[in-house]
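First the structure, in the form of structure tokens, and then the observations on it.
The values are calculated or read from the model by the stated rules, or taken from the named source; none is laboratory data. From a predicted model like this one, the values you see are computed outputs, not experimental measurements. Positions of Cβ are backbone-derived with ideal geometry, glycine not excepted, and every protein chain shown enters the neighbour counts.
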Amino acid sequence: MDIIRRNTDYSLRFAVNLAQKYGKNPVSARILSEEEKVPYQLTCKLLQKLHHAGFVESRMGPKGGYFLAMAPSEITLTSLVQTIQGPVSINQCLFEQHICPRQPNCPISRKLSELQEHMDSFLSRTTLEDVCSTAKDTKTK
């Protein structure tokens with residue numbers, strides 16, 4: 001089971017790519033597809049979702065393409081993940097409490113709940129700017 005699904009991973013990669021080019025020329029879907037090694041049709045579909053959610057904008061024409069609609073510091077990983085796949089949950093019992101009658105007294109559920117809180121906190125406080133800073137640090141080492 002993947003917590004972050006494949007399409008979400010691709011969308012995060014597109015967002016980071018655009019964040020690294022923030023304030024520069026738009027990037028075509030074809031170039032994003034090639035740079036991130038994602039099939040072109042899927043790239044277009046995911047960029048449309050990001051556009052519909054207001055994270056990216058597009059410009060038509062020979063120098064057109066996609067660009068971030070806001071600063072990388074304003075976009076959290078949580079917001080991107082939820083746009084593509086919805087809320088992230090470690091286990092169904094944490095997301096839908098009526099699923100399991102043992103949930104109120106379950107020691108496993110309590111520990112998974114702690115993990116869920118850490119994951120939610122991490123994703124909600126991590127921005128595209130943070131990810132880009134980490135990427136720069138990795139390249140310089």
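Look at the range 56-84 and say how many of its residues are of a type outside the set (Ser, Thr, Tyr) and crowded, with 17+ Cβ neighbours inside 10 Å.
So the count comes out to 10.
Which residues, taken from the range 1-37, are aliphatic (A, V, I, L, M), without any contact (Cβ under 8 Å) to a residue 60 or more places away in the chain and under 20 Å from Pro72 (Cβ atoms)?
Answer for the range 1-37, where residues must be aliphatic (A, V, I, L, M), without any contact (Cβ under 8 Å) to a residue 60 or more places away in the chain and under 20 Å from Pro72 (Cβ atoms): Leu18, Val27, Ala29, Ile31, Leu32.
Given the residues Leu46, Leu42, which is the only one that is crowded, with 16+ Cβ neighbours inside 10 Å, over 18 Å from Glu74 (Cα atoms) and modelled with pLDDT of 95 or more?
Sole residue among the options that is crowded, with 16+ Cβ neighbours inside 10 Å, over 18 Å from Glu74 (Cα atoms) and modelled with pLDDT of 95 or more: Leu46.
Take the residues in the range 17-56 that are under 14 Å from the mean Cα position of the chain (by Cα) and among the aliphatic types (A, V, I, L, M); name whichever of them is nearest to Ala69 (Cα to Cα).
Val56
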